[in-house]
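Take a look at the structure below.
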Amino acid sequence: MLAPLFSSKLLLILFFGTLFGLILGVLPGLGPTTGGALILPFTMTLDPLSAIVLLTSIYCAGTYGGAITAVLINTPGTPAAAATCLDGYPLAQKGEAGRALGMATVSSTVGGIFSVVILVFFAPILAQLAYEFGQPEYFALAIFGLTMLASIGEGSPIKNLIAGAFGILISTVGKDFMTSIDRFTFGINELTEGIGFIPVVVGLFAMSEMLTQSTLINQVFNRIALKAIKLPSKDDYKKTWKTILRSSGIGSFIGVLPAEGGTVASLIGYSEAKRFSKNPEEFGKGSIEGIAGAEAANNAATGGAMVPTLALGIPGSATTAVILTGLIIHGVRPGPDLFREQPDFLYGIFGAMLIANILFFIFGFFGAKIFARITLVPNKILWPMIFAVSVCGTYSLNQSIIDVWIMLFFGVLGFFMRRYGFSVVPVIIGLILGELVEGTLRQSLVIFDGNWLMFFTRPIALTFFILSLIALAFPLIRSRKFKKNND
Amino acid sequence: MKNVQKSKRANKSLPFFFKDEFKVSFVIIFISLILLLTTFTFDIVPPILNRGIQPATFPKALLILIIAMTLIVYYLATKNPWKIEKKLPRSFFLTLFSFILFVIVSKTLDFFLAISALSIFVAYYWGEKRLFYLLLVGIIFPIIVFVFFETILGLRFPPGIITNIYYS
């Protein structure tokens, strides 16, 4: 598995990718999705394997990096680390920041490695199943992905569905890929090629975050000093090993579902840790099990989210949507054929994720103190710099100034979406899945001679439609149950 | 919790057209309707070339879906009002203005100058008054980024008063 990585160039890329991912994870507002989108133009000079190794190492390390900020300044570096704040910061306040970070590092590494094992075993099985898929099955699968996003994503399910539908709508801009008829181009030549993925991602994540930060310039963070990171004690291991394994399983499973991956996984991992704990009253006050539950789950979601991305070409999270774009830009088409034709390439990715998990353990363990200092870079210096990189990176892909303006437009839109409770992640997933949804729908209708009911005669497609209905009904059932419990 | 309840009460006392849920729903539906009307201007494919459905059908269906779901969101919001968001501070509007400034300067004068101007403007209004740091974010860093993209990625930036000097 590691053989394709034994080149000094790839190991160097892994090293820098992990380091860069950690820095991105530590900085609140950035994170692996924005960082991946910003780095994507730079990968154009690399071969496909190097590019994807860079992106996956950023993904793994960035997810862990969020924990450092969560523990030390009570602000999650990434949304996936939000649950880590609940117990990480209180423990740090008790003067045990080193212990909290030690547990976060160990559980993240275990969760990450566990999920790579899941990826290695399950991605080929899923890919094998995908051989049975035709156009109607892919259409049903894409619909299932979108409904899952609404159902277990953050915030209101209907708002998530609106955002997802909007993402698909963006994918229809430009020449219709079947008939070459212009749609929503408004006479602008640059729009005939459609709206690119990078301007939308950089806009929705980086620029909207810049606008959010502009509203917080007077915010003061209380940073807890970190003397040294400590490995968990024997007693801590005894207390948490079951939690770590359980959360690793939960995280990997949630990651496989096309949704918001790490964020949801960490919340479920945390609440399950509390449910199974002998000391649930300690949760929220600095429970070591709480940290282990959240961190093992969010890092386990990384490998899980790569399963549908590689096996089906359906992103399991926002960051894997960026990785999927990276694959497509470099001419690699994810899906079952990839497993048959380029096994070395896949093993390279699996190996890179494994090594990235080990590397961030080493970097985290020996360098957490230094990474913690990165949070001291003031926003008034950091964000203008991110703006310069965002603008040049967005411009570089098509050398189009219109792309830069589109990025700014989506920045403003993303800010207001987030302000009013619309998650931006479904837009990204919708944009990625848009062509697949429309293409497979239209091709299926050609196959079925326009008879929509034929979709329900295909067992796999029917199964996905039923699962979609369950996914849509799930939030209703959940809120009723919640109401009943509260009454 | 008390604050949320307070803001919910405050939200209930506002006329409906001042409430965020109305404004947001109105904007979404208004834009969707305009886009829906636009779909009627799309060319129609003759039956021999038409594969499955007309090119306008899919976006039309999506827009109708968005409108319907927005109406549901608004209906739910009338039962359970959104909390009132804090007023946006001046720094937000200045940052937004800097985006507009960037578009104007990059279109009329120079791309590099636009990045530089925005960086200095944002850094200054976000509270950075030290000249060295303003020069760092406004000039030194954009030059590094420019040179990096130009040499490593072989990128050619759009012409402009400063970029032309660099290329000549």
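The values are calculated or read from the model by the stated rules, or taken from the named source; none is laboratory data. For clarity, every value in this text was computed on a predicted model and none was experimentally measured. So basically every Cβ, Gly included, is an ideal-geometry build from the backbone, and we count neighbours across all protein chains shown.
What number of residues in segment A:433-467 are surrounded by 14 or more Cβ atoms within 10 Å (Cβ to Cβ), of a type in the set (Ser, Thr, Tyr) and away from chain B (no Cβ under 14 Å)?
1
Within the bounds of segment A:43-60, is there any residue that is buried (at least 24 other Cβ atoms within 10 Å of the Cβ), in contact with a helix residue (DSSP H, G or I) (Cβ under 9 Å, 6 or more places away or on another chain), among the hydrophobic types (A, V, I, L, M, F, W, C) and under 22 Å from A:Thr243 (Cα atoms)?
Yes: segment A:43-60 contains one or more residues that are buried (at least 24 other Cβ atoms within 10 Å of the Cβ), in contact with a helix residue (DSSP H, G or I) (Cβ under 9 Å, 6 or more places away or on another chain), among the hydrophobic types (A, V, I, L, M, F, W, C) and under 22 Å from A:Thr243 (Cα atoms).
Here is a check on your reading of the model: is A:Ser390 closer than 24 Å to A:Leu216 by Cβ and outside any helix (DSSP H, G or I)?
Spelling it out, it is not the case that A:Ser390 is closer than 24 Å to A:Leu216 by Cβ and outside any helix (DSSP H, G or I).
Taking B:Leu33 and the conditions (1) free of Cβ contacts under 8 Å to residues at least 24 places away in the same chain; (2) surrounded by fewer than 18 Cβ atoms within 10 Å (Cβ to Cβ); (3) more than 8 Å from chain A (Cβ to nearest Cβ), which numbered condition does it fall short on, given that it satisfies the others?
(1)
Considering only residues of segment A:364-386 that are within 9 Å of chain B (Cβ to nearest Cβ) and without any contact (Cβ under 8 Å) to a residue 60 or more places away in the chain, which is surrounded by the fewest Cβ atoms within 10 Å (Cβ to Cβ)?
Filtering segment A:364-386 for residues that are within 9 Å of chain B (Cβ to nearest Cβ) and without any contact (Cβ under 8 Å) to a residue 60 or more places away in the chain, the one surrounded by the fewest Cβ atoms within 10 Å (Cβ to Cβ) comes out as A:Pro378.
Part of a strand (DSSP E or B) and under 24 Å from A:Val391 (Cα atoms) - does that describe any residue in segment A:165-174?
yes
Go through the residues of segment A:365-387 one by one and say whether even a single one is at pLDDT 90 or above, among the polar types (S, T, N, Q) and in a helix (DSSP H, G or I).
no
Of all residues in segment A:30-51, which are in a loop (DSSP other than H, G, I, E, B) and within 12 Å of chain B (Cβ to nearest Cβ)?
Matches in segment A:30-51: A:Leu46 only.
Just one of B:Pro47, B:Pro55 is in a loop (DSSP other than H, G, I, E, B), more than 10 Å from chain A (Cβ to nearest Cβ) and within 30 Å of A:Ser444 (Cβ to Cβ); which is it?
B:Pro47
Kindly indicate whether any position in segment B:109-130 is outside the structural domain of B:Phe22 (by TED's automatic domain parsing), assigned to a helix (DSSP H, G or I) and without any contact (Cβ under 8 Å) to a residue 12 or more places away in the chain.
Looking for residues that are outside the structural domain of B:Phe22 (by TED's automatic domain parsing), assigned to a helix (DSSP H, G or I) and without any contact (Cβ under 8 Å) to a residue 12 or more places away in the chain, one finds at least one in segment B:109-130, hence yes.
In segment B:71-99, how many are assigned to a helix (DSSP H, G or I), more than 9 Å from every other protein chain (Cβ to nearest Cβ) and in contact with a Ser or Thr (Cβ under 8 Å, 6 or more places away or on another chain)?
Within segment B:71-99, residues that are assigned to a helix (DSSP H, G or I), more than 9 Å from every other protein chain (Cβ to nearest Cβ) and in contact with a Ser or Thr (Cβ under 8 Å, 6 or more places away or on another chain) number 3.
Just give me the residues in segment B:94-107 being over 13 Å from the mean Cα position of the chain (by Cα) and modelled with pLDDT of 90 or more, in sequence order.
Matches in segment B:94-107: B:Leu94, B:Leu101, B:Phe102, B:Ile104, B:Val105.
Could you check, for segment A:52-59, whether at least one of its residues is outside any loop (DSSP other than H, G, I, E, B) and modelled with pLDDT under 85?
Within segment A:52-59, none of the residues are outside any loop (DSSP other than H, G, I, E, B) and modelled with pLDDT under 85.
Would segment A:445-455 turn up any residue that is of a type in the set (Asp, Glu), modelled with pLDDT of 75 or more and part of a loop (DSSP other than H, G, I, E, B)?
Looking for residues that are of a type in the set (Asp, Glu), modelled with pLDDT of 75 or more and part of a loop (DSSP other than H, G, I, E, B), one finds at least one in segment A:445-455, hence yes.
Restricting to segment B:136-158, and then to whatever is touching a residue at least 24 places away in the same chain (Cβ under 8 Å) and not in a helix (DSSP H, G or I), can you tell me which residue is farthest from A:Ser390 (Cα to Cα)?
Ranking the candidates gives B:Pro158 first.
If you go through segment A:279-318, how many residues are closer than 28 Å to A:Val201 by Cβ and part of a helix (DSSP H, G or I)?
Here the count works out to 20.
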